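> Starting off with a structure, shown below.
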Amino acid sequence: SGIGEIMFLGRKNELLELNKKYEMSRSQLVVVYGRRRIGKSELLRHFCHSKPKLMFEGLESQPQQVQIQNVLNMLSVQLKNPFLTKLSLTSWNEVFQLLTDEIDKRKEKLIIVFDEFQWMANLRSPLVSLLKLYWDNHWKHKNIMIVLCGSVATFMVKKVIQSKALYGRINVEICLGGFKPSEARRFLKNRGEWEVLRYLIIMGTIPKYLEEIDQNRSLAANLNQLFFTKNGFFVGELEKVFFSQFREAQTYKKIITVLATGNYSLSEMSKKIKITSGGGLKSYLSNLELTGFVRSYTSLNSKGNRNQKYKLFDEFLNFYFKYMMPNNRQISQNTNQQLYNLLVLPHWQPWLGVAFESFCLKHAMVIAEVAGFAEEVVLFSPLFGGQDKKFQIDLIYQRSNNVITICEIKYLSEAVGTWIIPEMEKKLNLFKGSKKQTIERMLIAPMGADKHLMDAGYFHHIVDMKAIFSVT
């Protein structure tokens, strides 16, 4: 597929960062991580294009000997030396020695990429320690660039970035996220903005997901095909993405199943899942945060982390638990029925509204850029109510200079009218600001405001879909 072309709509900052390090005249150790499907390998292929390089990839759930043989096979192909596959190496030490010999022959800077590094290491630390040894004693004076890339965030962060072995040695770490809305918009250039927005609300801005969309078919046809048909791309996706990330996948699945029903604090989660809120649950949740599936928020008006709430932050997972999981049996047998039209279409308006609020929270800094105050944002978060699982106000910005911007988010297919003003006033009454603060009002709605609302001059900022898609 033409992902090489499509893919590089974005990633400007990451490529700049990598190229800057590459041009330095000393060795660089780089770590790249991010969930599956996010385009890490693609980024590295693009970066390495036409530079001297050796690229290796780990194999999921294979023992050390198989990993070593695989590296030799890949080395043999890249060096055009069939003899290498015949070597019977049994330790990583021998592999690294072989690579060191290869580095010594080179005049120009060489990039060595270890992709899916967590599988090469079998999710354990010894390979990291050995790497440190080679880095300190052989590689760091050779002017090379070593890139460790992985899709199991917990391993890449805890065992690589935060490891004692590599402490102070890593020159740059890149946590790769999804596209910006504007990049996703350019990716889906053959479809209208309103339709693109719905795709992003359902599947997020994950490159691989957007690539699955057939841009010559309607939203309904694509959703039916991808989510509600026997062999649809997303039907086994939870298993693929989730179970490769976590060893105790069932526990993690329990946690996200609960979060799919609302936003909960640690103690509320603990009661529901029956795991003590101390070490266990907290560490599961922090691993989920590392992978970007979950995010925690502390209410703007609260002191300390006492009322931190966790929110399921992944668009696909939210859609999955709402519409796919309850209908798994029907989906697994469906070859031609329009299940999407039957199961989703009649009653997804309220869900889309909630999903759009999440989308705005996720892209809060893009929205701040549209409104022209991104540089002033100190903090943004929702405002929680008492025992409610929903947020009372979905998005509030705290800005330097004592300005608070309170947002009203409305997912409508037409422009918003003056009827919104009393609703907004109700929200403003929930917020207890201090006398020193200036309160600004913002409306975020796909189609913006109608003429009457504009003329009323009630909102300080009005952000529509076109503006969100315009921030590059």
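> Only helices (runs of 4 or more DSSP H) wholly contained in segment 1-110 count here; list those with 3 or more residues that are touching a Phe, Trp or Tyr at 6+ places or on another chain (Cβ under 9 Å).
Details: elements: 3-7, 12-22, 40-48, 64-78, 92-105.
The qualifying helices (runs of 4 or more DSSP H) are 12-22, 40-48, 64-78, 92-105.
> For segment 253-333, please list each of the helices (runs of 4 or more DSSP H) lying entirely inside it that holds at least 1 residues being surrounded by 15 or more Cβ atoms within 10 Å (Cβ to Cβ) and in contact (Cβ under 8 Å) with a residue 60 or more places away in the chain. Lay out the reasoning, then the answer.
Working: elements: 266-273, 279-290, 315-319, 328-333.
Per the criteria, 279-290, 315-319, 328-333.
> Quick test for you: out of Leu29, Leu75, Leu59, pick the one residue that is farther than 24 Å from Pro181 by Cβ, in contact with a helix residue (DSSP H, G or I) (Cβ under 7 Å, 6 or more places away or on another chain) and surrounded by fewer than 20 Cβ atoms within 10 Å (Cβ to Cβ).
Answer to the selection: Leu59.
> A follow-up question, please. Across segment 334-356, which residue is most open to solvent (accessible area, probe 1.4 Å) among those that are within 28 Å of Tyr252 (Cα to Cα), of a type outside the set (Gly, Ala, Ser) and part of a helix (DSSP H, G or I)?
For segment 334-356, the residue satisfying everything is Pro350.
> Can I ask one more? Need the failing condition index for Lys240 against (1) modelled with pLDDT under 95; (2) in contact with a helix residue (DSSP H, G or I) (Cβ under 7 Å, 6 or more places away or on another chain); (3) surrounded by fewer than 21 Cβ atoms within 10 Å (Cβ to Cβ); (4) assigned to a helix (DSSP H, G or I), just the number.
(2)
> Listed residues Lys253, Lys282, Lys274, Lys240; which is at positive phi and of a type outside the set (Gly, Ala, Ser)?
From the options Lys253, Lys282, Lys274, Lys240, the qualifying one is Lys274.
> For segment 139-181, how many residues are exposed (fewer than 15 other Cβ atoms within 10 Å of the Cβ) and of a type in the set (Phe, Trp, Tyr)?
1
> Separate question: Go through segment 111-128 and report how many residues are under 23 Å from Ser50 (Cβ atoms) and either in a loop (DSSP other than H, G, I, E, B) or acidic (Asp, Glu) (or both).
Of the residues in segment 111-128, 1 are under 23 Å from Ser50 (Cβ atoms) and either in a loop (DSSP other than H, G, I, E, B) or acidic (Asp, Glu) (or both).
> Please work out if Leu43 is in contact with a Lys or Arg (Cβ under 7 Å, 6 or more places away or on another chain), at pLDDT 90 or above and over 26 Å from Trp92 (Cα atoms).
On the way: in contact with a Lys or Arg (Cβ under 7 Å, 6 or more places away or on another chain): yes; at pLDDT 90 or above: yes; over 26 Å from Trp92 (Cα atoms): yes.
For Leu43, the condition - in contact with a Lys or Arg (Cβ under 7 Å, 6 or more places away or on another chain), at pLDDT 90 or above and over 26 Å from Trp92 (Cα atoms) - is met.
> Name the residue, out of Glu408, Glu425, that is closer than 27 Å to Leu197 by Cβ, outside any loop (DSSP other than H, G, I, E, B) and either touching a residue at least 12 places away in the same chain (Cβ under 8 Å) or among the acidic types (Asp, Glu) (or both). Don't jump to the end; show me each part of the working.
On the way: Glu425 fails: closer than 27 Å to Leu197 by Cβ.
Of Glu408, Glu425, the one residue that is closer than 27 Å to Leu197 by Cβ, outside any loop (DSSP other than H, G, I, E, B) and either touching a residue at least 12 places away in the same chain (Cβ under 8 Å) or among the acidic types (Asp, Glu) (or both) is Glu408.
> A follow-up question, please. Report, by residue number, each residue of segment 428-472 that is part of a strand (DSSP E or B) and surrounded by fewer than 16 Cβ atoms within 10 Å (Cβ to Cβ).
Thr438, Ile439
> Criterion first (without any contact (Cβ under 8 Å) to a residue 24 or more places away in the chain and either out of contact with any Leu (no Cβ under 8 Å at 6 or more places or on another chain) or farther than 27 Å from Ala260 by Cβ (or both)) does Glu369 satisfy it?
No; evaluated as a whole, the condition is false for this residue.
> Within segment 97-139, which residues are among the hydrophobic types (A, V, I, L, M, F, W, C), closer than 17 Å to Asn70 by Cβ and in contact with a strand residue (DSSP E or B) (Cβ under 7 Å, 6 or more places away or on another chain)?
Matches in segment 97-139: Leu99, Ile112, Val113, Phe114, Phe117, Met120.
> Identify, please: which residue in segment 182-195 is over 17 Å from Ile444 (Cα atoms) and in contact (Cβ under 8 Å) with a residue 60 or more places away in the chain and is, among those, least open to solvent (accessible area, probe 1.4 Å)? Give the steps one after another, and end with the answer.
Here is the first cut: in segment 182-195, the ones over 17 Å from Ile444 (Cα atoms) are 183-192, 195.
From what is left, the residues that are in contact (Cβ under 8 Å) with a residue 60 or more places away in the chain are 183, 185-187.
Details: Glu183: 27, Arg185: 46, Arg186: 102, Phe187: 9 Å².
Looking at the filtered set, the residue picked out is Phe187.
The values are calculated or read from the model by the stated rules, or taken from the named source; none is laboratory data. All of these numbers come straight from a predicted model, not from anything done at the bench. Cβ atoms come from the backbone with ideal geometry, glycine included; neighbour counts cover every protein chain shown. Heads up: the accessible areas ignore ligands, DNA and RNA and are worked out on the full protein's heavy atoms, side chains in. Shrake-Rupley method; radii C 1.70, N 1.55, O 1.52, S 1.80 Å.
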